[in-house]
1. Assigning unit charges at the beta carbon (Lys, Arg +1; Asp, Glu -1) and nothing else, what dipole magnitude in debye, to the nearest 20, does the stretch 219-376 show about its Cα centre?
2. What nm value, rounded to one decimal, do you get for the distance between A21 and V85 when each label is placed 7 Å out toward the C-beta?
3. Check cross-link reach from K25 to the aspartates and glutamates: straight Cα distance under 16 Å, and skip same-chain residues fewer than eight apart.
4. State the antiparallel share, in %, of DSSP beta bridges confined to the chain, rounding to the nearest 5.
5. What's the Kirkwood radius of the stretch 374-443 in Å, using all Cα pairs?
6. Taking Rh as the Kirkwood radius, which is the inverse of the mean 1/r over Cα pairs, what is the Rg/Rh value for the stretch 68-198?
7. Note down the Stokes-Einstein diffusion coefficient of the stretch 317-442 in µm²/s, whole number, using a Kirkwood radius over alpha carbon pairs, 10 °C, and 1.306 mPa s.
8. Using the Karplus equation 6.51 cos²θ - 1.76 cosθ + 1.60 (θ = phi - 60°), what ³J(HN,Hα) coupling, rounded to whole Hz, does each residue of the stretch 400-405 give in order, writing x for Gly and Pro?
Amino acid sequence: MTISTEERNQVAKNYVEEVFATIQKRNPNENEFHQAVKEIFDSLVPVFAKHPKYMESGILERISEPERLITFRVPWVDDNGKVHVNRGFRVQFNSAIGPYKGGLRFHPSVNASIIKFLGFEQIFKNSLTGQPIGGGKGGSDFDPKGKSDNEIMRFTQSFMTELCKYIGPDADVPAGDIGVGAREVGYMFGQYKRIRGGYEAGVLTGKGLGYGGSLGRTEATGYGTVYFVQEMLKDAGSSFEGSTVVVSGSGNVSTYAIEKAQSLGAKVVACSDSGGYVYDPNGINLATVKQIKEVERKRISEYVNVHPHAEYHEGCTGIWSIPCDIALPCATQNEINEESAKLLVANGVKAVGEGANMPSTLEAIEVFLTNSVLFGPAKAANAGGVAVSALEMAQNSMRLAWTFEEVDAKLHDIMVNIYKSAVNAANEYGYPGNLVVGANIAGFLKVADAMMAQGVI
């Protein structure tokens with residue numbers, strides 16, 4: 001008996017809602033995880049309507065349950081001899097297309113819900129890169145701010161002492177994320193090497209250039225976000241040239257998003273940190289930002305001491321009140337809510353590219369899409385970091401080191417291909433111009449097909 005398209009869609013919708021209800025019941029109070037799951041699930045209804053085999057094989061139930069969630073104690077001693085205990089996490093979410101791959105986040109907000117949301121997103125982001133890497137994520141509720149180098153070292157060594165039991169170049173390859181940069185990766189790599197008694201360069205990415213790191217990795221997420229937005233703008237007959245840009249954050253992603261946007265002719269007028277934001281009508285001086293954040297490790301408020309014509313404002317959300325053509329949220333999750341999105345639209349924003357992980361709430365995304373704002377979702381737009389991490393893994397495996405130009409060219413090609421994959425999937429499944437749906441579907445299909453081929457495991 002043949003059923004109509006409407007009936008197939010309803011069956012698929014019922015299936016998605018039923019699985020989501022189970023996830024909510026099984027994972028109570030994990031709001032960030034629920035948000036990430038719902039955003040992806042809603043996009044997949046047309047896939048299940050067109051290909052019921054995925055429903056029959058329980059792909060959604062399996063892909064939304066981590067293969068492994070590891071929680072562990074991290075004791076360490078501060079410079080005054082006081083013992084502290086933090087909690088460590090690693091979620092190994094899906095290995096259908098390759099070893100688990102995803103960063104480590106050190107921040108007081110880290111909990112199981114946030115790690116699971118990040119790990120779930122990572123599955124599809126990694127799939128979109130075209131590289132053979134699965135989805136994982138990890139971290140700790142440790143706060144590196146205000147800690148000495150020795151305290152950071154003692155904490156990361158304790159963290160790695162436990163984590164090393166579960167990772168490896170062909171099993172799970174962590175990298176950095178918020179609060180975890182080259183210093184932290186270096187300490188963790190040293191401890192891993194010390195415990196394992198060998199030199200497995202490919203066990204961590206984001207390493208220093210002198211011991212297996214890749215040129216271009218530092219710039220990759222920020223550059224990749226701009227490359228993705230550049231493709232969106234190009235298709236719309238526009239560009240960064242002459243555009244006014246607001247970039248939230250002032251860390252690694254933000255810094256290099258600013259750098260690349262400026263190199264393409266944009267005027268970046270604002271950036272921020274967790275304390276507040278700086279508005280410079282003359283354009284952000286990137287050298288000053290790098291000096292403050294990378295060398296002196298101080299707050300962005302110091303910017304106005306060097307550039308007194310600029311303005312510093314306490315609080316982060318006000319940055320979205322600044323009129324701009326292009327907004328690049330590169331700080332943290334849910335930094336743009338519905339109100340901020342409406343303000344951006346009212347002030348004429350034309351494009352939004354997510355450099356951070358899930359920086360726009362579901363309500364904010366709806367505002368952007370409803371108002372025909374070009375929108376590059378995080379799992380597509382910020383995939384450059386993990387893409388170059390995979391390139392670092394490849395170089396480690398081959399015992400080679402590519403030039404910056406080689407890595408940057410590969411990154412550019414990857415971001416262009418991610419954009420095209422999202423556009424094509426959106427068009428094929430009836431959502432032209434909706435890159436949220438397109439990216440979700442394109443990322444899902446590759447993983448789902450691999451899971452189908454490997455049986456019920």
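The numbers here are math on the coordinates, done by the rules we state, and not lab data. Quantities reported herein were computed from a predicted structural model and do not represent experimental measurements. Positions of Cβ are backbone-derived with ideal geometry, glycine not excepted, and every protein chain shown enters the neighbour counts.
1. Working: 10 positive and 19 negative charges, 61 e Å.
The calculation lands at about 300 debye.
2. The modelled label-to-label distance comes out at 4.0 nm.
3. E17, E61, E65
4. Values: 24 of 46 bridges.
Once the DSSP bridges in the chain are tallied, antiparallel ones form about 50 percent.
5. Working: mean 1/r = 0.0772 Å⁻¹.
Evaluated on the stretch 374-443, it is 12.9 Å.
6. On the way: Rg = 14.3 Å, Rh = 14.7 Å.
In the stretch 68-198, Rg relative to Rh is 0.97.
7. On the way: Rh = 15.6 Å.
My calculation gives 102 µm²/s for D.
8. With coefficients 6.51, -1.76 and 1.60, one gets 10, 9, 7, 6, 4, 4 Hz.
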